[in-house]
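Q: Mind having a look at this structure? Questions to follow.
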Amino acid sequence: MIVSRVETGPDDFGDRVGYLAARAAAVVLPAPAGPVRVIGAYVPSRDPSPAKTERKQKWLTACHAALDGTPRGVPTVLLGDLNVLEPDHQPRYPFFAPFEYDFYRALAGRHGLVDAFRHLHPQAAEHSWVCRTCDGYRYDHAFCSRALRDHIAHCEYVHSPRHERLSDHSALTIRLAVASPPPLPTSDPVTAAADTLF
């Protein structure tokens, strides 16, 4: 789900992924300096079972194809629970498969995207999900087109949702220093008239 305080236009990225299409949603934000595409993704997790491994591989392959087919020229932000780790993740976990690290690498190489958190924090060790044994994983990512790299003003993990058990993941925030269109009108839902957004 993508919620926006500015008017958005449709984007068919989820349809182009095709396989488990509901795991990807996208919109185009009509910013004054030119549109920006925002893609939210929830990559399937896996365990050692062949069925879940095949499901994840199939979704990642479909996502690659959808990214390959995304029209060039519109800067893109791809973010969400990608259920992959960067190849140099600390600590190193032996149960991640090469295809999972390859997906992370391909976002930067094949698709020309920049890991926003890593761009601002080259050496920082952060974890957005922590298991019962207290092992931490940076599963949640925000990637931006290279055209947006110099506009990344902020990218941080907010751990309070996880610590307060509102979610099993920490939140990830990103702010781009680009002009935005005027916000849509909003109001208090208790006192709002029926024709307002919220």
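The values are calculated or read from the model by the stated rules, or taken from the named source; none is laboratory data. What you see is a predicted model; the values in this text were computed from it and never measured. A quick note on method: Cβ atoms are made from the backbone with ideal geometry, for glycine too, and the neighbour counts reach across all protein chains shown.
Residue-by-condition table, conditions (1) closer than 26 Å to GLU7 by Cα; (2) in contact with a His (Cβ under 9 Å, 6 or more places away or on another chain):
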{"site": "PRO94", "(1), (2)": "no, no"}
{"site": "HIS111", "(1), (2)": "no, yes"}
{"site": "ALA179", "(1), (2)": "yes, no"}
{"site": "SER187", "(1), (2)": "yes, no"}
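Q: Given the residues VAL6, VAL27, VAL74, which is the only one that is more than 30 Å from CYS134 (Cβ to Cβ) and exposed (fewer than 14 other Cβ atoms within 10 Å of the Cβ)?
A: From the options VAL6, VAL27, VAL74, the qualifying one is VAL6.
Q: List the pairs whose first member sits in the range 46-60 and is surrounded by fewer than 16 Cβ atoms within 10 Å (Cβ to Cβ), whose second member is part of a loop (DSSP other than H, G, I, E, B), and whose Cβ atoms are under 7 Å apart, counting only residues at least 6 apart or on separate chains?
A: Hits for this filter: LYS52/ARG46; LYS58/TYR19.
Q: Let me ask you something else. Please work out which residue is nearest to ARG146 (Cα to Cα), limiting yourself to the range 1-45 and to residues that are assigned to a helix (DSSP H, G or I) and touching a residue at least 12 places away in the same chain (Cβ under 8 Å).
A: Once the filter is applied, the top-ranked residue is PHE13.
Q: Determine which single condition ALA25 fails, assuming it passes every other condition in (1) over 20 Å from GLY109 (Cα atoms); (2) out of contact with any Phe, Trp or Tyr (no Cβ under 9 Å at 6 or more places or on another chain).
A: Failing condition for ALA25: (2).
Q: Related question: For the range 98-137, which residues satisfy the criterion of being surrounded by 13 or more Cβ atoms within 10 Å (Cβ to Cβ), farther than 21 Å from ARG149 by Cα and hydrophobic (A, V, I, L, M, F, W, C)?
A: Residues satisfying the conditions are PHE99, TRP129, VAL130.
Q: Output the residues belonging to the range 139-191 that are part of a loop (DSSP other than H, G, I, E, B) and either within 25 Å of ARG118 (Cβ to Cβ) or among the β-branched types (Val, Ile, Thr) (or both).
A: Correct list: TYR139, HIS159, SER167, ASP168, SER170, ALA177, VAL178, SER180, THR186, VAL190, THR191.
Q: Which of (1) modelled with pLDDT of 90 or more; (2) out of contact with any helix residue (DSSP H, G or I) (no Cβ under 7 Å at 6 or more places or on another chain) does CYS155 not meet, given it meets every other one?
A: Against the list (1) modelled with pLDDT of 90 or more; (2) out of contact with any helix residue (DSSP H, G or I) (no Cβ under 7 Å at 6 or more places or on another chain), CYS155 comes up short only on (2).
Q: Of these, HIS64, HIS89, which one is under 22 Å from ARG149 (Cβ atoms), in a helix (DSSP H, G or I) and of a type outside the set (A, V, I, L, M, F, W, C)?
A: Of HIS64, HIS89, the one residue that is under 22 Å from ARG149 (Cβ atoms), in a helix (DSSP H, G or I) and of a type outside the set (A, V, I, L, M, F, W, C) is HIS64.
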